[in-house]
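Peer 1: Provided herewith is a single structure, encoded as structure tokens, for subsequent inquiry.
Bear in mind these aren't lab numbers, they're just calculated from the coordinates by the rules spelled out. Note that this is a predicted model, so its numbers are computed, not measured. Positions of Cβ are backbone-derived with ideal geometry, glycine not excepted, and every protein chain shown enters the neighbour counts.
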Amino acid sequence: MRFERYLALGDSMSIDLYPALDAGEADVAVALERAETAGNTAPLGAASLLYRNDDERWPEEMGNDLVSRYPRIEAQTFARDGATIGDVFGEQLPLVEESEASAIVTLTIGTYDLYSAYSNRPKRTLRERIVHDITEAYTFLVDAIRRALPNSMIVLTTVYDPSDRSGMIPGLFDDDVKMPLDGLDQLNGNIRTLATGTPGTVLADVYAHFLGHGTSAAESDRWFWRRSLVEPNARGANEIRRVWLDVLDHTLGT
């Protein structure tokens, strides 16, 4: 199959901002404001690397990108920092031109939905209802993408765990507050189920791939940005790209 379009939907797991800041390849204004719109940012995010490798930074990945496989493929990145499922519905999908052209879509979403749900430390029963609503909304979102792009291959990406199953993420919650992992497990379980049973979707299990490279690892071995452990660093973005490309190659036989 020859793909004509690549679209990146979702949150900061896909974007250039944090990997570029980690690599020191962003304008000072970008670093100060933590906003890609403030200046120039190197294309070092997972979506950018999936589309076109940075051969200088990642020479071992030369040719491991979509343009090497599909030279005429065009890319659009709609993913935004801090995006929730509602943001993809309300702000990103309306920008996507509906088309029957063959497309690859990567979806990274759910992280900020979960963190915002936990911010007020709800009781377990309320938390369960919130997580149920998040997983249901995720399912509706995938259906909406399939309707807009019926000939697409959608890469559903699990949400990673910077705490490495400890629940402790410095800088996210108070030092003595653990992130409940049941909601994360429920959301990722739903993503895996969707990828198994939904035509035109595949699973990129970034959660499994990243375990052991969060807070339990030495800083030099972490795949998360040191100033905000919920964001990927430059190595993390490359690893997300590798997971995406591996599953696409396996599925498509390329």
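Peer 1: Take the Cα radius of gyration of the range 17-70 and divide it by 2.2 N^0.38 Å, with N its residue count; two decimals is plenty.
Peer 2: 1.22
Peer 1: Modelling each spin label as a point 7 Å along the Cα-to-Cβ direction, I'd like the Arg227/Glu4 distance in nm, to one decimal.
Peer 2: Computed distance between label sites Arg227 and Glu4 equals 4.1 nm.
Peer 1: Taking the Cα atoms of the range 122-185, report the difference between the largest and smallest coordinate on each principal axis, in whole Å and largest first.
Peer 2: So the extents along the principal axes, rounded to whole Å, are 47, 24, 16.
Peer 1: Hey, could you pull the Cα Rg and Dmax for the range 47-121, both in Å?
Peer 2: Rg then Dmax for the range 47-121, in Å: 15.9, 48.
Peer 1: Can you give the local net charge around Val67? Use residues other than it whose beta-carbon is closer than 14 angstrom to its beta-carbon, Lys and Arg +1, Asp and Glu -1.
Peer 2: Charge balance near Val67 sits at 0.
Peer 1: Same structure again: Can you tell me the order of 228-241, 35-48 when each peptide is scored by its average per-residue count of other Cβ atoms within 10 angstrom, highest first?
Peer 2: 228-241, 35-48
Peer 1: Between Ser119 and Glu98, what length in nm is gained on full extension when 0.36 nm per residue of separation is reduced by their alpha carbon distance?
Peer 2: That pair, Ser119 and Glu98, stretches by 4.0 nm at full extension.
Peer 1: Return P(r) of the range 40-91 (all Cα-Cα pairs; 10 Å bins starting at 0; whole %; ordered from short to long distances).
Peer 2: 23, 41, 27, 9
Peer 1: Helix-only estimate, please: 222 nm mean residue ellipticity of the chain, summing -39500 (n - 2.57) across DSSP H runs of length 4 or more and dividing by its residues, to the nearest 500.
Peer 2: The helix contribution divided over the chain gives -11500 deg cm²/dmol.
Peer 1: Considering only DSSP beta bridges whose two residues both sit in the range 106-254, what percent are antiparallel, to the nearest 5?
Peer 2: Once the DSSP bridges in the range 106-254 are tallied, antiparallel ones form about 10 percent.
Peer 1: Across the range 13-157, how large is the tail of the calculated P(r) beyond 22 Å, expressed as a percent of all Cα pairs?
Peer 2: 50 percent
Peer 1: Sort 198-207, 52-61 by packing, meaning the average of other beta carbons within 10 Å per residue, with the highest value first.
Peer 2: Answer by packing, highest mean first, reads 198-207, 52-61.
Peer 1: Right, something else. What percent do you get for the relative contact order of the chain when only Cα pairs under 8 Å and 6+ apart count?
Peer 2: 24 percent
Peer 1: Antiparallel versus total DSSP beta bridges in the chain: what percent is that, nearest 5?
Peer 2: 10 percent
Peer 1: Okay, moving on. Give the dimensionless ratio obtained when the Cα radius of gyration of the range 137-220 is divided by 2.2 N^0.38 Å.
Peer 2: 1.30
Peer 1: Please give me the summed charge of the neighbours of Thr84: other residues whose Cβ is under 11 Å from its Cβ, Lys and Arg +1, Asp and Glu -1.
Peer 2: Neighbour charge sum, excluding Thr84 itself: -3.
Peer 1: So what's the net charge close to Asp22: Lys and Arg +1, Asp and Glu -1, counting the other residues with Cβ under 10 Å from its Cβ?
Peer 2: Neighbour charge sum, excluding Asp22 itself: +1.
Peer 1: In the chain, what is the volume of the convex hull around the alpha carbon atoms, normalised per residue and reported in Å³?
Peer 2: Per residue, the Cα convex hull of the chain comes to 124 Å³.
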